[in-house]
Each structure stands twice: as structure tokens, then as C-alpha cells.
């Protein structure tokens, strides 16, 4: 009988111990799943941040490329002159192509105003060259206004022979000096 009592007593003490350890194990498993979920959440958040950083880098690159294109177009506007034949203010076919590009740039930049500078070579009197330079600037302005650019955005000025690109005294230099140059106000 004593044996039975000891066995029953041992069972009463051992069974709650087993139940306690088994129930503690279940809590640990739950904690492990919450740690796994937390790790997954952190990984997902890190992936979101990496994607956001990648998209931001792409956007910055696009903005930089647009700025470079705008700068190149502005350089074309400023650095590409319109040239004329000797003693003439008639626009050549090449000049019309250049002016069409300039009109497109002015259309895309409606807040820009420009000055058209008429220039001549050194042959002829100062008065004649000032008048011819003005005729050349007005000819370019008229062409641009015919393409839809507001005349109020364009100013004409003549420098005659006073601002040569090439100061030499030969036909090559004179051809470079018969031009209209554009500046942005």
C-alpha cells in the first residue's frame, strides 16, 4: 500500500511538472514565430527602403540628364550663329534651319527673352555696316516671329563691323563676321 501511495504521490508531483514544461515549450515556440515574423518584417522594410533608394537614384539621374539636355540646347541657341552672304540680309537655307531650331528652343522656354545682334565684315562705311547689321537682325527676328515667337521677346541691335569674330582681313574672316549672334537677356 505504501508503494501505491508513493506511486500516486509521485504521479501527482510528476504530472504537473510535465504539464508545466510542455506548456512552457509552447510559449517558446510562439515567441520563435513572433521573432520570425519580426525578421520577415525587417527584411520587407529593408527591401522597401532599397527599392525607394533605387527609384530615387533613377529619378536623380533623369533630372541630371534633362538638365544636361537643356544646357546643350541653350548652348546651341547661344553659340550657333546665322551667317549671310556679302552685302545681303537675305536668310540662306542653312540660316533658316538654324533659326527653326532656335524657334523650337524659344517655344520650349517661354520665359526667355533674347537679343539678336547683327554684325558685318569690315568692308563698307561704319554707317552702312550699322544699317546692314540691323537689317540682318530684323530679318532673323521676322523669320522667328513668322514661326510663332512673340516679337516682344526679341530685341534687335546692330554692331556693324565693331565686334568681329575673326579680325583677319581675308574672305574667310569676313564670312565669319557676316552674322547674327543671339544672346539671352
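Taken together, the values in this text are just the output of simple stated rules run on the coordinates, not laboratory data. Quick caveat: nothing in here was measured; it's all calculated off a predicted structure. For neighbour counting, all protein chains shown are included, and Cβ atoms are generated from backbone atoms with ideal geometry for every residue, glycine included.
Key figures
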{"item": "Residue order, fewest to most surrounding Cβ atoms within 10 angstrom, among 156, 120", "result": "156, 120"}
{"item": "Listed residues 46, 100, 141, most fluctuating in the chain (Gaussian network, C-alpha, under 10 Å)", "result": "46"}
{"item": "Nearest 10 degrees, 0 to 90: helix 93-108 Cα axis against the chain principal axis", "result": "40 degrees"}
{"item": "Cα-based helix-to-principal-axis angle, 126-146 vs the chain, degrees rounded to 10", "result": "40 degrees"}
{"item": "Gyration tensor (alpha-carbon) shape descriptor, the stretch 81-184, a/c threshold 1.5", "result": "prolate"}
{"item": "Among 90, 165, 12, residue whose mean-square fluctuation peaks in a GNM of the chain (springs only between Cα atoms under 10 Å)", "result": "12"}
{"item": "Packing-based exposure ordering (other Cβ within 10 Å, fewest first) of 123, 62", "result": "62, 123"}
{"item": "Helix 2-79 axis, angle to the chain major axis (alpha carbon atoms, nearest 10°)", "result": "0 degrees"}
{"item": "The stretch 33-135 shape via C-alpha gyration tensor axes, a/c threshold 1.5", "result": "prolate"}
{"item": "Answer label, with Kirkwood radius over Cα pairs in Å calculated from the coordinates and candidates (i) 22.7; (ii) 19.9; (iii) 18.4", "result": "(i)"}
{"item": "C-alpha center-to-center spacing [the stretch 129-185, the stretch 34-80] in angstrom", "result": "43 Å"}
{"item": "Relative exposure of 15, 157, judged by other C-beta atoms within 10 Å (fewest first)", "result": "15, 157"}
{"item": "The chain: relative contact order in percent, alpha carbon pairs under 8 Å with at least 6 residues between", "result": "24 percent"}
{"item": "Choice from 142, 36, 113 showing the highest fluctuation, given a GNM over the chain with Cα pairs closer than 10 Å", "result": "36"}
{"item": "Sites residue 60 and residue 125 - FRET efficiency at Förster radius 45 Å, r taken between beta-carbons, to 0.05", "result": "0.20"}
